[in-house]
Amino acid sequence: MTRMLNMVQAIRDALDVKLAEDNRVLVLGEDVGVNGGVFRATDGLQDKYGPERVIDTPLAESGIIGSSIGLALNGFRPVAEIQFLAFIFPGLEQVFAHAARMRYRTRGRFTAPLVIRAPYGAGIRGPELHSESLESLFAHTPGLRVVAPSNPYDAKGMLISAMEVDDPVIFLEPTRLYRAGTRDVPEGSYRVSLEKAERLTEGRDVSLFAWGAMVPVALRAAEQLEKEQGLSAEVIDLRSLMPLDKETILSSVEKTGRAVIVHEAHQTAGLGAEIAALLADEAVWCLRAPIKRVAGFDVPVPPFSVEDAYLPTTERVLAGLKEVVMAE
Amino acid sequence: MLAENELLQHPGFTSAAELTALPALRVVQPDGQANEELLSRVSDEELIAMYQQMLRVRLFDRKCIALQRQGKMGTYAPFEGQEAAQVASAVCLANKDWMFPTYRDHAAAMTRGLPMQTVYRYWMGQMDGFSVPDELNILPPCVPIATHLLHGVGAAWAARLRDEDTVSFCYFGDGATSEGDFHEALNFAGVFHLPVVFFCQNNGFAISVPFARQSASPTIAKRASAYGMDGIRVDGNDAVAVYLACQTAIHKARNGGGPTLIEAVTQRFGAHTTADDPTRYRDQAAMNEEWRRERDAVQRLRLLLTSKGLWDDNREEQWIAKVGNELVNAWEEAVAKPFSEPIEMFDHVYSKMPAHLEEQKKLLAGGGLA
Ligand SMILES: Cc1ncc(C[n+]2csc(CCOP(=O)(O)OP(=O)(O)O)c2C)c(N)n1
């Protein structure tokens, strides 16, 4: 059985499934209980599972993440919601110094398998600090898994996997896609890998890598390229940002010989640099053109009246694609 | 192990039960009756000015909600219900003093002199909504909760090091008291004996979370003692009480007396922001009705002024008309002004623009195409 769900509903469904089948799972954060989350991702869960399992916490991110670590040490599976990704800053000490290192520094005796969910990204006309894309901070920290689904099906399946894996997971939810469309989502449990990218379109001429809210932008640019130039781009939704699915990335570029990477995070030291470096390290002989990054500019995400110009647009991605396919 | 009563009798023991709610300082009762002795510390002119400003910001707040509903502004954080706390505190500050507001404190910022047009532009997502006139020491609204309290501490520290009598004044909500930065700020202020006032508007909710979920202690003010500073709880809907408490704390800070924590007990009548639906977590209609009847700060001050013959329907009407014009004119100016150009996002990132940003700026100027 499947139902048509948008991404918020799919996330809620994943939490519902795991709360029901695994009594170690706890959901905690600011406004997640009575209010059902500011985006309603936990809507109705407190009514269903009670305030001991779906918990409104005091307003303190270090408290939420730090105490989740203590719960996880004792067998619980906390799923902490950070209201918007940039509000994780007060809790970063706990993420970087403890959650990421628990297994390592106790030589495998203890682990901190918690999930930190957070809406992220721009394009929602949010106030200051409601639009950041910080994935590279987390991907840069050994011990954390980092994933970013781009559709309701993946969101549910990956969140279920995240609640089952024995590592801390940073689960990034592209705010702009929360209600952007619905998909058939199976009822009950199913899993989507936390390590595999997905090839969305098959292409011969260029590989186009994206994740989160940039996936639909990449797809539109690829369509446009096909229309305008009769060239086909292979669009790959990375889904997992740490670890990267090297095999899928490399095998695509080995075939196309060209690569464009799109992300809305700032360009400098963004994940695009890591993917470009990977290609330079291991696929340089296959490359027929320079690698192109189309990314957010290296400025703080600006106020919402001009945020669209900060973000990679279909036009910018298309221009990047053309530059790469025309090189030679 | 000590027996429970041995522990209880030890002079070093404090029980949680001792943390009862402190009584709040109140000068004017909801019906407008006042403690004349305390009231005499405030001049009639000051009372009238505060009332006018409270009414002005209330009308501004309602206008902003309407503009947001018409799609002319972004998500907006209303403050209706908290006018006395914000206005009666801000009027106590001298021009040189530092003010650190949150996203809900534009009533305080406007009282201090931030132009109405700037506040409009801020909520329209325009870049110049973040700019502050040169003569004012105010930062733009702080969005990450409680983080600005430490800036207040540093600014107060600078004043002490430079032997200036400038005071720092920090606005924040009850939810902010749960963040680690709240503790760090109060602790620093206590240790370094700094001229800073921590002004908490306890409006009972942090979005949907009631104060009882923020703290097992019924009072915020009482926490001051743990940091070696004075604390005071005031009726935040009583402009006169807020005014007297803030004046005293600011005077003390200015004269080397150190920091104070003020808890102004108040409520927001409306939603957390225009994106929030308060009916999900409280009986909005009943609360609103009861609060407006019994706790409305604007009404309370008006009753007082009327009873003293300082205000009447006629003056009220004139004032509303005057403010109405101001609201419209400022709005018209705000929309007539050119909107932010995307290219401005590259300004003010560094003292001198690095080469890679120059390149990106050119890219955007050329249509953003590769
Ligand atoms: C560090 C941080 N965490 C979470 C948020 C999201 N958030 C915005 S306002 C708010 C509630 C704040 O409550 P309170 O401090 O009582 O102030 P009020 O909004 O009631 O004025 C929350 C959780 C934030 N802005 N910053």
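Taken together, the values in this text are just the output of simple stated rules run on the coordinates, not laboratory data. It should be emphasised that the depicted structure is a prediction, and the values quoted were computed from it without experimental measurement. Quick reminder, even Gly has a Cβ in these numbers, built from the backbone with ideal geometry, and neighbours come from all protein chains shown.
For B:Lys361, neighbours were defined as the other residues whose beta-carbon sits under 11 Å from its Cβ, and their charges (Lys and Arg +1, Asp and Glu -1) total -4.
Under 10 °C and 1.306 mPa s, how fast does region B:1-94 diffuse according to Stokes-Einstein, given a Kirkwood radius computed over C-alpha pairs? Answer in µm²/s, whole number. Don't jump to the answer; show the numbers that get you there.
Details: Rh = 17.9 Å.
After rounding, the answer is 89 µm²/s.
By the Cβ rule of 4.7 Å, the protein assembly as shown holds the following cysteines without a possible disulfide partner: A:Cys286, B:Cys64, B:Cys142, B:Cys170, B:Cys200.
Mind checking the mean number of beta-carbon atoms from other chains within 10 Å of the Cβ atoms in B:275-282?
Partner Cβ neighbours, averaged per residue: 3.
Note on chain B: antiparallel DSSP beta bridges, both residues inside, total approximately 10 percent of the bridges counted.
If each residue's Cβ is checked for other Cβ atoms within 10 Å, how do B:Arg292, A:Arg109 rank with the fewest at the top?
On the way: B:Arg292 15, A:Arg109 9.
Listing B:Arg292, A:Arg109 from fewest to most nearby Cβ atoms yields A:Arg109, B:Arg292.
Think of region A:151-282 as a dipole: +1 on every Lys or Arg Cβ, -1 on every Asp or Glu Cβ, centred on the Cα centre; then among A:Pro243, A:Leu231, A:Phe171, A:Leu231 lies furthest on the positive end.
Please get the size of the charge dipole for chain A, origin at its Cα centre, with Cβ charges of +1 on Lys and Arg and -1 on Asp and Glu, quoted in debye to the nearest 20.
480 debye
Using the Cβ-Cβ distance between A:Glu282 and A:Tyr104 with R0 set to 35 Å, the FRET efficiency works out to roughly 0.85.
Express the C-alpha Rg of the protein assembly as shown as a ratio against the empirical globular expectation 2.2 N^0.38 Å, rounded to two decimals.
Details: Rg = 27.6 Å, N = 698, 2.2 N^0.38 = 26.5 Å.
That ratio works out to 1.04.
Classify region B:21-339 as rounded, prolate or oblate from the Cα gyration tensor: take a ≥ b ≥ c as the square roots of its eigenvalues, call it rounded if a/c is under 1.5, otherwise prolate when a/b beats b/c and oblate if not.
Numbers: a/c = 1.31, a/b = 1.17, b/c = 1.12.
Rounded is the answer for region B:21-339, as its axis ratio a/c remains below 1.5.
When each of A:Arg220, A:Arg179 is scored by the number of other beta-carbon atoms lying within 10 Å, the sequence from fewest to most is A:Arg179, A:Arg220.
Under a Cβ-Cβ cut-off of 11 Å, what is the net charge of the residues other than B:Val153 that fall near it, where Lys and Arg count +1 and Asp and Glu count -1?
Working: positive: B:Arg160; negative: B:Asp181, B:Glu184.
Local charge sum for B:Val153: -1.
Taking a ≥ b ≥ c as the square roots of the eigenvalues of the Cα gyration tensor of chain A, is the shape rounded (a/c under 1.5), prolate (a/b larger than b/c) or oblate? Prolate, since a/c reaches 1.5 and a/b exceeds b/c. Dipole magnitude for region B:71-167: about 240 debye, using +1 per Lys or Arg Cβ and -1 per Asp or Glu Cβ, origin at the Cα centre.
Longest exposed-loop-site-free stretch of chain B, with GluC sites (Glu not before Pro), DSSP loop and at most 15 other Cβ within 10 Å? Intermediate values should be presented prior to the final figure.
Details: sites that count: B:Glu135, B:Glu164.
Longest site-free region, per DSSP loop and neighbour criteria: B:165-370.
Once R0 is set to 41 Å, what does the formula 1/(1 + (r/R0)^6) return for the Cβ-Cβ distance between B:Asp44 and B:His193, expressed as a FRET efficiency to the nearest 0.05? Present the calculation step by step, with values, prior to reporting the outcome.
Working: r = 36 Å, r/R0 = 0.89.
Given R0 = 41 Å and the Cβ-Cβ separation, E is 0.65.
Multiply the residue separation of A:Arg204 and A:Ser189 by 0.36 nm, subtract the distance between their alpha-carbon atoms, and state the gained length in nm to one decimal.
Values: separation 15, 0.36 × 15 = 5.40 nm, distance 3.56 nm.
Full extension of this stretch gives 1.8 nm more.
Which chymotrypsin sites (Phe, Trp or Tyr not before Pro) in region A:19-128 pass both tests, a DSSP loop state and at most 14 other beta-carbon atoms within 10 Å?
On the way: sites: A:Phe39, A:Tyr49, A:Phe76, A:Phe84, A:Phe87, A:Phe96, A:Tyr104, A:Phe110, A:Tyr120; in loops: A:Phe39, A:Phe76, A:Phe84, A:Phe110.
Sparse-neighbourhood loop chymotrypsin sites (Phe, Trp or Tyr not before Pro): A:Phe110.
Each 5 Å bin from zero up to the one holding the largest Cα-Cα distance in region A:2-186 carries the following percent of pairs: 1, 9, 18, 23, 23, 16, 8, 3, 0, 0.
If you place +1 on the Cβ of every Lys and Arg, -1 on the Cβ of every Asp and Glu, and leave all else neutral, what size is the dipole of chain B about its Cα centre, to the nearest 20 Debye?
On the way: 35 positive and 47 negative charges, 76 e Å.
The dipole of chain B has a size of about 360 debye.
Shown is the FRET efficiency for B:Val335 and A:Glu254, computed with R0 = 56 Å from the Cβ-Cβ distance and rounded to the nearest 0.05: 0.55.
A cut-off under 12 angstrom between Cβ atoms defines the neighbours of A:Val192, and their net charge, with Lys, Arg +1 and Asp, Glu -1, is -1. By the beta-carbon count within 10 Å of each Cβ, the least crowded to most crowded order of A:Thr42, B:Thr102, fewest first, is B:Thr102, A:Thr42. Between the listed residues A:Ala280, B:Val328, B:Ser215, the Cα displaced farthest toward the positive end of the dipole of the protein assembly as shown, a dipole computed from Cβ unit charges relative to the Cα centre, is found at A:Ala280.
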